[in-house]
Amino acid sequence: MRRVAIIGGGLSGVAAAYQLAREPDIEFTLFEASERLGGTLETVHRDGFTIECGPDSWVTEKPWARELAVELGLDAEIIASNDQRRRTYLLQNHHLLPMPDGMRMMVPTRWAPIMESSLFTWQARLAYLREVRRAEELKQSALGNGEDESVASFVRRHFGDEVTSTIAGPLLAGVFGGSIDKLSVRAVMPAFVKLEQEHGSLIAALQQRREGDLAAVFTSLKSGLGTLIERIAQTLPAHMVRLGHEVSALRRQGGQWQIEGLGASGLFDAVIVSAPAHVTRQLLRPIHIEFDSLLTMDATSAIVIALAFSAEHAKPLRIPRGFGYLVPQASNRDRRPEDDPQLLACTFVDQKFSHRAPEGAVLLRGFFGGDTAPTLLNKDNAALVSLAHRQLSRVLGPLPEPDISLVRRWPLSLPQYAVGHLDRIAKLAALVDCFPGLHLVGNAYYGVGLPDLVRQGRETAREAGRG
């Protein structure tokens with residue numbers, strides 16, 4: 001019987017445990033420091049509202065989360081976003097301006113919406129038009145093998161400063177909570193890097209595709225993503241899951257791994273570390289000094305604030321038709337010291353997905369992150385709710401007091417894939433290979449989306465099980 005330890009009960013760790021439970025001749029133990037599984041995946045049900053405390057969906061085009069949901073018998077729970085309402089706004093000069101239809105992130109697939117949009121100046125429209133004519137030039141300047149640059153540099157080469165700050169900045173901040181001046185384009189937008197290498201012009205490449213191929217559809221579960229964790233947990237032998245067991249030390253002993261910590265101990269043939277990068281760094285630094293530098297990476301914090309309004313109290317509200325809005329990062333850079341920290345984004349939850357709120361009710365989710373998050377983490381819930389309520393009222397019009405409010409803090413939950421990220425992770429993988437039975441999974445390495453975490457967890461479990 002091969003013994004495997006899993007350190008960390010976030011989605012990647014839970015997916016690894018699910019896979020190991022299906023492998024023959026494997027005995028595993030999952031150690032989770034907190035009193036619940038799932039990490040940032042958490043769903044709260046209250047008075048007919050389904051409130052996601054962390055991620056609310058996954059990208060449909062990546063299959064691994066859906067495959068797992070189907071295996072768990074959740075076929076009937078799988079729902080797609082309400083794409084007939086799919087519109088995203090950008091906050092500009094205190095007004096919400098819709099992003100043009102047919103956008104693939106910052107790249108237009110149709111000309112008319114760009115030319116008619118009030119979001120852009122004539123200089124930005126001209127930069128879009130010129131990008132197609134510069135196809136050969138851009139192809140020649142495309143990144144070579146092993147080269148990298150920031151997302152800001154990549155987008156600026158194609159579309160100029162205005163598009164970079166107006167669209168690329170807030171879009172990526174909404175996912176990573178960080179700065180596009182630091183994020184690696186090879187790690188964050190590999191598909192666009194490949195398009196540039198093959199076609200030069202991103203616009204020309206995407207406009208060659210059928211519109212149906214470009215739809216960025218989101219998928220979730222009707223009862224919330226917490227159901228995914230709950231259903232996985234039901235498949236795991238209870239004695240193999242240890243909540244409230246913090247691992248503080250990990251060391252090699254003979255050909256095995258010794259685990260020590262608060263309620264956590266034992267010898268194992270393999271160990272899957274699915275903890276955040278800064279925790280993994282603390283565990284592995286005593287094993288080899290190079291783990292210290294290779295696992296040193298910036299991570300930003302996130303604060304999610306949900307405000308729910310009953311159908312009666314929502315009657316006077318005039319929420320725009322769409323999925324929500326983003327705030328360009330320039331708004332945060334230009335704010336005065338006396339100004340409130342700004343939300344990075346707001347989701348109109350009841351419009352994005354059905355079954356999230358009672359008929360006629362409104363559910364909003366605000367997101368603080370990036371540079372402002374550290375100053376907010378220690379504020380009490382009432383202060384954070386008041387701050388979000390005030391900010392949303394300025395943008396959406398006066399809001400009544402919410403019938404339900406919810407706050408979740410996720411410290412250092414968003415790793416920043418800095419320029420050179422993939423090269424560093426390759427070096428980290430090579431170092432890990434020097435220690436038989438050691439495996440690393442999580443959002444610090446090969447993707448932050450839920451499908452990527454499921455894929456990492458299951459593939460790594462198969463490898464750890466084989467030995």
Open item on the list: Looking at the stretch 291-300, can you tell me whether even one residue there is surrounded by 13 or more Cβ atoms within 10 Å (Cβ to Cβ) and under 30 Å from Leu363 (Cα atoms)?
Closed with: yes
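Of all the strands (runs of 3 or more DSSP E) wholly in the stretch 197-308, which have at least 2 residues that are more than 26 Å from the chain's Cα centre (by Cα) and basic (Lys, Arg)? Even if it seems obvious, please write down each step before you answer.
Values: elements: 218-221, 241-243, 246-253, 256-262, 264-268, 270-273.
The strands (runs of 3 or more DSSP E) meeting that bar are 246-253.
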Task: Every residue from the stretch 214-236 that is at pLDDT 95 or above and not polar (S, T, N, Q) - done: Leu221, Lys222, Gly224, Leu225, Gly226, Leu228, Ile229, Glu230, Arg231, Ile232, Ala233, Leu236
Open item on the list: Against the condition buried (at least 20 other Cβ atoms within 10 Å of the Cβ), under 22 Å from Ala444 (Cβ atoms) and among the β-branched types (Val, Ile, Thr), how does Val59 come out, does it pass?
Closed with: no
Task: Scan of the stretch 456-467 for residues that are touching a helix residue (DSSP H, G or I) at 6+ places or on another chain (Cβ under 7 Å), buried (at least 19 other Cβ atoms within 10 Å of the Cβ) and farther than 11 Å from Gly13 by Cα, ordered by number - done: Gly465
Open item on the list: Within the stretch 127-148, does at least one residue satisfy the condition of being basic (Lys, Arg) and closer than 22 Å to Leu97 by Cβ?
Closed with: no
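Being part of a loop (DSSP other than H, G, I, E, B) and either under 29 Å from Glu149 (Cβ atoms) or under 18 Å from the mean Cα position of the chain (by Cα) (or both) narrows it down to one residue among Leu412, Leu343; which is it? Before the answer, list the steps.
On the way: Leu412 fails: part of a loop (DSSP other than H, G, I, E, B).
So the residue among Leu412, Leu343 that is part of a loop (DSSP other than H, G, I, E, B) and either under 29 Å from Glu149 (Cβ atoms) or under 18 Å from the mean Cα position of the chain (by Cα) (or both) is Leu343.
Look at Glu463 and say whether it is in contact (Cβ under 8 Å) with a residue 24 or more places away in the chain and farther than 23 Å from Ser301 by Cβ. Show your work before the answer.
Numbers: in contact (Cβ under 8 Å) with a residue 24 or more places away in the chain: yes; farther than 23 Å from Ser301 by Cβ: yes.
Yes; evaluated as a whole, the condition is true for this residue.
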Open item on the list: Tell me which strands (runs of 3 or more DSSP E) are completely within the stretch 1-108 and hold 1 or more residues being more than 18 Å from the chain's Cα centre (by Cα) and assigned by TED's automatic domain parsing to the domain that holds Ala249, or say none if there are none.
Closed with: 2-7, 26-32
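Charged (D, E, K, R), touching a helix residue (DSSP H, G or I) at 6+ places or on another chain (Cβ under 9 Å) and without any contact (Cβ under 8 Å) to a residue 40 or more places away in the chain: which single residue out of Arg156, Arg104 fits that description? Write out each step before concluding.
Working: Arg104 fails: without any contact (Cβ under 8 Å) to a residue 40 or more places away in the chain.
Of Arg156, Arg104, the one residue that is charged (D, E, K, R), touching a helix residue (DSSP H, G or I) at 6+ places or on another chain (Cβ under 9 Å) and without any contact (Cβ under 8 Å) to a residue 40 or more places away in the chain is Arg156.
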- [ ] Considering each of Thr50, Thr121, Thr109, Thr88 in turn, give the residue that is at negative phi and in contact with a Ser or Thr (Cβ under 9 Å, 6 or more places away or on another chain).
- [x] Thr50
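Of a type outside the set (S, T, N, Q), free of Cβ contacts under 8 Å to residues at least 40 places away in the same chain and crowded, with 17+ Cβ neighbours inside 10 Å: which single residue out of Arg281, Arg285 fits that description?
On the way: Arg285 fails: crowded, with 17+ Cβ neighbours inside 10 Å.
Being of a type outside the set (S, T, N, Q), free of Cβ contacts under 8 Å to residues at least 40 places away in the same chain and crowded, with 17+ Cβ neighbours inside 10 Å holds for just one of Arg281, Arg285, which is Arg281.
From Gly360, Gly366, grab the single residue that is assigned to a strand (DSSP E or B) and among the small types (Gly, Ala, Ser). Explain how you work it out, then say what you get.
On the way: Gly360 fails: assigned to a strand (DSSP E or B).
The match here is Gly366.
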Open item on the list: Just to be sure before I move on: is Thr109 under 26 Å from Leu202 (Cα atoms), crowded, with 17+ Cβ neighbours inside 10 Å and either out of contact with any helix residue (DSSP H, G or I) (no Cβ under 6 Å at 6 or more places or on another chain) or without any contact (Cβ under 8 Å) to a residue 24 or more places away in the chain (or both) in the structure I sent?
Closed with: no
Task: All positions within the stretch 113-144 that are within 17 Å of Lys194 (Cβ to Cβ), assigned to a loop (DSSP other than H, G, I, E, B) and touching a residue at least 24 places away in the same chain (Cβ under 8 Å) - done: Ala142, Leu143
Open item on the list: Show the residue pairs meeting these rules: Cβ distance below 6 Å; 6+ apart or different chains; first residue within the stretch 21-34 and without any contact (Cβ under 8 Å) to a residue 24 or more places away in the chain; second residue part of a strand (DSSP E or B) and exposed (fewer than 15 other Cβ atoms within 10 Å of the Cβ).
Closed with: none
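Can you say whether Ile425 is under 30 Å from Asp148 (Cα atoms), β-branched (Val, Ile, Thr) and modelled with pLDDT of 95 or more, as far as the supplied structure shows? Lay out the reasoning, then the answer.
Numbers: under 30 Å from Asp148 (Cα atoms): yes; β-branched (Val, Ile, Thr): yes; modelled with pLDDT of 95 or more: yes.
Here the answer is yes, as Ile425 does meet what is asked.
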- [ ] Only residues in the stretch 342-362 that are on the phi > 0 side of the Ramachandran plot and at pLDDT below 95 count as the first member; pair them with residues that are outside any loop (DSSP other than H, G, I, E, B) and crowded, with 24+ Cβ neighbours inside 10 Å, Cβ under 8 angstrom, at least 6 apart or cross-chain, and list the lot.
- [x] His355/Thr50
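How many of the residues making up the stretch 222-244 are in contact (Cβ under 8 Å) with a residue 24 or more places away in the chain, under 15 Å from Val14 (Cβ atoms) and not basic (Lys, Arg)? Spell out how you get there, then give the answer.
Applying the first criterion (in contact (Cβ under 8 Å) with a residue 24 or more places away in the chain) to the stretch 222-244 yields 222-229, 231-233, 235-237, 240-244.
Checking which are under 15 Å from Val14 (Cβ atoms) leaves us with 225-229, 231-233, 235-237, 240-243.
From the residues that got through so far, the ones that are not basic (Lys, Arg) too are 225-229, 232-233, 235-237, 240-241, 243.
The qualifying residues number 13.
The values are calculated or read from the model by the stated rules, or taken from the named source; none is laboratory data. All values derive from a computational prediction rather than experimental measurement. All Cβ positions, even for glycine, are placed from backbone atoms using ideal geometry, and neighbour counts span all protein chains on display.
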